Structures are given as C-alpha cells and as structure tokens.
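See below for the structure under consideration.
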Amino acid sequence: MFFKKIELHRFKQFNSGKVDLRPGLSLVVGGNNAGKSSILHALAVWEFCKTIIEFTKGRRAWASGATSQGIGIGISEFSPISVPSFRHLWTNLKTQKLSEADGYTLKVKAVWQLPSGTLKHLEFGLSLANDRLFIKTTSTNLSPEELETENGVPIVGIVPRVAYLPPFAGITDKEARYSVAVRNRLIGQGLSGGVIRNVIYDMWQHDREERKRLLGAKTKISSTDLATLRATDPWEVLVRTLGDLFQMGLKVDDFDDRYHTYLHVETFRGKMVGQTLKKNPNDMSRDLMVEGSGFLQWLSVYALALSNDIDVVLLDEPDAHLHCSLQLELVRYLSNLAGIGNKQLLMATHSTELIKDFDFDSILEVKGGKASYLGEDSRKIAVLAGIGTIFSPKLHALAQKKRMLILEGDFDENILRIWAQVNETPWPDNVVIWRWPGGHKERRQLFSQLKRDIPDLTAISLRDRDEEADGTVGPDLIDKGQSASSDGFHAMKWRRRHIENYLLHPAPIARAAGKTEEEIRDFFATEHGLAIPANVTSSGVVFAMRDARGKEVMSQGVSCLEKRLGVSRYDVAKEMVEAEIAEDIKTFLAALSHFGAS
C-alpha cells in the first residue's frame, strides 16, 4: 500500500494544494526553504495524529461518521517534528479562522491505494486554542467495519504505517522491550531512534523462528529454502548488507522479561565468507550506540525500511553523514527494497551525486509552494544549478572567475594536481572545479544553464573515454564526437579508457611497492595480460595500453594493485618523476594553463 497524494491546507510552506506521490523510492529535491521537509513533516504529523487518536479514542475515531470532539495536547506532548511553538505548523504562523467552516484551520489529508487498487483517504484537522493543539478526524472514507473485526482485534493492512527519520537524531543508550503498540506509538511520535533495537530484535527473532520452521524434523534446511530465506528475510538481508558494505555484523542477545530490563545489540568486525560474516578472532563486540553516526544512520534507515511493521518511510537527508559512495549504495539498496518489499520511501536530499544518478521520473521537485515529478532527464540540470545555498559559494566563484573545469570526481582533481606539481606546471587559481560524472551532453546542458546567469562563462570538460571507440579522440584530446566550441564549452577526453591508465608505469609502481620493475611487469602480464611497452608515456602507445581497464587494474577486483601489492593510486602518482608523466597528461596541463591565462 502506498500514498497516492497528500492534500495540505495551511501547513507550513503549503498554504493550499496537493502533492501527487508515486510508489517506490522518490528523491525529494529543491532549494533551501523550498518545502522539501514540509512534505515529510506533513506525513509525519498525519501519522502522529493517527496514533494519538487511536490510543486516546480507538481506531473507530478514524472512521466516517465519527462525532468525537478533538483531542487536546500541549507542546511537550507533540513529538513528530521539532517546532518552537504550535504556530509554526501554520503557513506564515497564522492560526486564525479564515474561510474554514470550523475552527480546524490546518488540515492534512492522505490518500492511499490498497493492494486491491481501492483508494482510501483520511484527513486530520488541527486547531490552536490557548496554546493547546486540538486534533480530530475531519474527512475519511474509512468505515468502522474496516477498522475492527467483530471481536475488536484491529485489522492490519488497511491504513499505512509511517516512520519518519529526521536528520540523524541518534539512538538511546538503553532501550526497553516494547510491545508492537508502544513501538508504533513511538515511531508515530517521530522517535524512531528509540526503537531501533526492538526492530532489530524482531527481525532476528523472526529469522530464528523461520529457520526452525524450515528445518522441521530434518537435519538440515534444504538449499532451495535456504536460498529463498537469504534473499527475502529482513534479518538475512540486513546482516548480509552490513557485512558487504561495512564488514560488520550484529550480535543480538535473547530477551526474557523475567530477568532482562533492556535489549542488548552489539556490533563486531569480521570478513564475509560466502553468505556468512566470520567474526575477526581478536575483535571485541561493542554496544551499538558507540558506532559512528554514518553507520548508525545507515542502520536506522535500512532496518526501518526492511521492517514488516512499516509501509512508508520518510527520510530527511539521511545521506548527510555518509560518504558519497555510501550515499549511492544506500539509494541502490533502498530502491531494491522498495521494489521487492512494496515499500514507499520519500527521501529529501541535497546530494548532487544522488540526483545525477537517479531516474528523473522518481525525482520530486519542490519549488514555489508546489511539487511535481521531473518530466524529462534534462530537468535535473536545472534542479542542480538552482539547488540552493549548497552551490552558492561555487556559483559566486564562477561569477567572479568565469572559468570552469568539469571533472568526474575528487580523484581526478587530486591526481591532476599531483601531476601538475611533478611536471612543474602551475595550477591556475582562477579556474573553478565542478564535479560531474556524466557525459559531455549533460555537462553542456549544465554549462548552458549556468551561462544564462554568467554570460562570459567558459569551460573545459574532461572525462574518461570509457567504452567509446579509440578513434573518437586524438593526441590533442579533443572529443571528436562533440561540436566545435562556439559557446565557450571545450569537450576533451583521455585517449586511454580511464585516467588510471596513465598510472600503469612499472617504475613508479615498483618504487611505491618496494619491488623491482621486472616483478611489476610480471604482475601485469600474469594477472592482467598486459605487456607494458617501452614507450608507455607516448600518446600513441599501443592500443592494448590505451584500452586497458585502468580502474580495475589499479583499485577494483581481487587482482588489483591496491589489494595485491598494497599500493594505492595516489602512492603511484606521488612516486612519479617528470619523465614518467604521459604525453596526454602534459597536453592537458598545457591546455589548462592556457585556459587559465586566456
């Protein structure tokens, strides 16, 4: 089940309007103060209202025909989002009655689709009187019969269950064992970090019970059943993911309420062996909360997304504490979860890396009090160019210097600066670096967007050749597949497949690794089928060297230099001398020097 839309009346940035939503994972993007968080906050407040009404008056108070009065609460009881006062929930802080028929001047309505395709809706109204917030159901098509069985036991699966994770709020040091009802209440109050051990414990316990069921009277679970369990069970997916990404596992202690007061979940370091994380022999397990904020943020997000108790997960900048590579991994894993687990996830983000790599039709742009999904991929360029203050210093620098160097990432910039220093080529201080992993077509669109505001802007765009044909670039490094520069955009690419190919020089690698050049040449020949020629620095070096997969040879895979010889790409670059710098590198550095002086 997933939300189809929300309708907001006088809620924060949305004075009036609706936001259509899609199943799966959506990135919510926009400038600062555009209203990204308002969308997440609206659903978090909706869940809070739903929870408060259920625990105060019962689920029937959600249903049509309910005539109960509103429930009043004080600011200390309001926990789904942080506000200095209740007035900050209203647009422009104006809580007075305007055209509303009753005193409930703020409304949040959610419309969702059941697996059967049926649409349901539930709207809550909020009113402020004497510093107390009053909440009640103001519109719904739910019936009492849908919400309870004849014996009064709630029916699961008719109303979405929502979890909101604000920018990392941490976890508690002690966490009691909560009932499902109390846990849902805490999540509905925005206190997801206080139930993470309960979520993990439930997954672990369910996995044990499922393994016991699959084993039955047999001595071993069948390989088919085990494969299915590992692919679909939340606990199995969680521990495999943590092992693969962090080389970390979870140790969960059993809980008996006759003896135990708090849940105990610890972490340990290990190494993946097949499908299992084997604990390092000398590693001591430690309590969950002592781990870094990046790991805990990942764990909180991923565990709640996996939980069978949650239908919709609201993530407010969960990437803020994560390295860009982990940001991309997080989105990849969450996208897979959304697909196989029928989850809906809304993730507010400023991350350019995520936006660039995400499907445009799953990016919800918020701007000017309205929100809509991007209709075409090129719209991402405009979103990124106007993302807000995250780019303001860079845009200011571009406006001043009017020269832009577009590179694929931090590594390219760092390695080029090392080569420039070795080659004694001054790095121009009037060129602004802009990182963008996409191709020249996307980069030109970005350049065009920026040029509207900076008419004199010029740019060099440099990228790897990757899978493009060897003949698409010559010794001048000009990309033959791009039109000649008439607008100030200069498209260049390496003659070799990857920038790392220019590090495949036996002499500096030998010095960095403490080996002989002959040993390095043997390594290349044996492990990668490469015969390093004498003219390795030549622009016209043999095709095998130009087309080698430099990234894999240097830093990816079990046979890479980094893993086999303990030598990083930076180690090799720093060992180079001027005579070992490839001609293509010198050609680019000369072009960059001229560009900075022009």
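Can you tell me which residue among Leu299, Leu242 is modelled with pLDDT of 85 or more and either closer than 19 Å to Met203 by Cα or surrounded by fewer than 17 Cβ atoms within 10 Å (Cβ to Cβ) (or both)? Checking each option against the conditions leaves just Leu242.
Among the residues of this structure, Ser16 does not count as one that is surrounded by fewer than 22 Cβ atoms within 10 Å (Cβ to Cβ), of a type outside the set (Val, Ile, Thr) and in a loop (DSSP other than H, G, I, E, B). Take Ala510 and tell me if it is surrounded by 19 or more Cβ atoms within 10 Å (Cβ to Cβ), within 29 Å of Val567 (Cα to Cα) and without any contact (Cβ under 8 Å) to a residue 12 or more places away in the chain. Yes: the conditions hold for Ala510.
Kindly check whether there is at least one residue in the range 62-77 that is surrounded by 20 or more Cβ atoms within 10 Å (Cβ to Cβ) and more than 28 Å from Lys343 (Cα to Cα). Scanning the range 62-77 turns up at least one residue that is surrounded by 20 or more Cβ atoms within 10 Å (Cβ to Cβ) and more than 28 Å from Lys343 (Cα to Cα).
Results for (1) within 23 Å of the chain's Cα centre (by Cα); (2) closer than 13 Å to Thr138 by Cβ, shown as yes or no for each residue.
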| position | (1), (2) |
| --- | --- |
| Gly31 | yes, no |
| Ala42 | yes, no |
| Thr56 | no, no |
| Ser68 | no, yes |
| Phe78 | no, no |
| Ser85 | no, no |
| Leu93 | no, no |
| Ala101 | no, yes |
| Leu106 | no, yes |
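Of all residues in the range 448-471, those being within 28 Å of Asp547 (Cβ to Cβ) and surrounded by 14 or more Cβ atoms within 10 Å (Cβ to Cβ) number 8. Of all positions in the range 28-35, at least one carries a residue that is closer than 28 Å to Arg183 by Cβ, crowded, with 20+ Cβ neighbours inside 10 Å and at pLDDT 90 or above. Taking first residues from the range 461-488 that are assigned by TED's automatic domain parsing to the domain that holds Ser538 and partners that are surrounded by fewer than 14 Cβ atoms within 10 Å (Cβ to Cβ) and assigned to a loop (DSSP other than H, G, I, E, B), no Cβ contact under 9 Å between residues at least 6 apart in sequence or on separate chains turns up. Looking at this structure, is Asp453 under 30 Å from Ala534 (Cβ atoms), of a type in the set (D, E, K, R), assigned by TED's automatic domain parsing to the domain that holds Val432 and out of contact with any Gly (no Cβ under 9 Å at 6 or more places or on another chain)? The answer is no for Asp453.
May I ask you to verify whether Phe124 is surrounded by 18 or more Cβ atoms within 10 Å (Cβ to Cβ) and at pLDDT below 85? So Phe124 fails the test. If you filter the range 41-61 down to residues that are buried (at least 20 other Cβ atoms within 10 Å of the Cβ) and not hydrophobic (A, V, I, L, M, F, W, C), you find that the one that is nearest to Val28 (Cα to Cα) is His41. Regarding the range 437-447, can at least one residue be identified that is surrounded by fewer than 18 Cβ atoms within 10 Å (Cβ to Cβ), among the charged types (D, E, K, R) and in contact (Cβ under 8 Å) with a residue 24 or more places away in the chain? No, every residue in the range 437-447 fails to be surrounded by fewer than 18 Cβ atoms within 10 Å (Cβ to Cβ), among the charged types (D, E, K, R) and in contact (Cβ under 8 Å) with a residue 24 or more places away in the chain.
Of all the residues in the range 100-121, those that are loosely packed, with under 15 Cβ neighbours inside 10 Å and assigned to a strand (DSSP E or B) number 1. Return yes when Ile415 is modelled with pLDDT under 95, in a strand (DSSP E or B) and not charged (D, E, K, R) and no when it is not. Against the criterion (modelled with pLDDT under 95, in a strand (DSSP E or B) and not charged (D, E, K, R)), Ile415 does not qualify. For the range 332-354, which positions are touching a Ser or Thr at 6+ places or on another chain (Cβ under 9 Å) and crowded, with 21+ Cβ neighbours inside 10 Å? Scanning the range 332-354 gives Gln344, Leu345, Leu346, Met347, Ala348. For Ser82, the conditions (1) without any contact (Cβ under 8 Å) to a residue 40 or more places away in the chain; (2) farther than 20 Å from His9 by Cβ all hold with the exception of (1).
Screening Tyr178 on (1) at pLDDT below 85; (2) out of contact with any Pro (no Cβ under 9 Å at 6 or more places or on another chain) shows it passes everything except condition (1).
The values are calculated or read from the model by the stated rules, or taken from the named source; none is laboratory data. Keep in mind that what you see is a predicted model, and the values were worked out from it rather than measured. Here the Cβ is made from the backbone with ideal geometry for all residues, glycine too, and neighbour counts use every protein chain on show.
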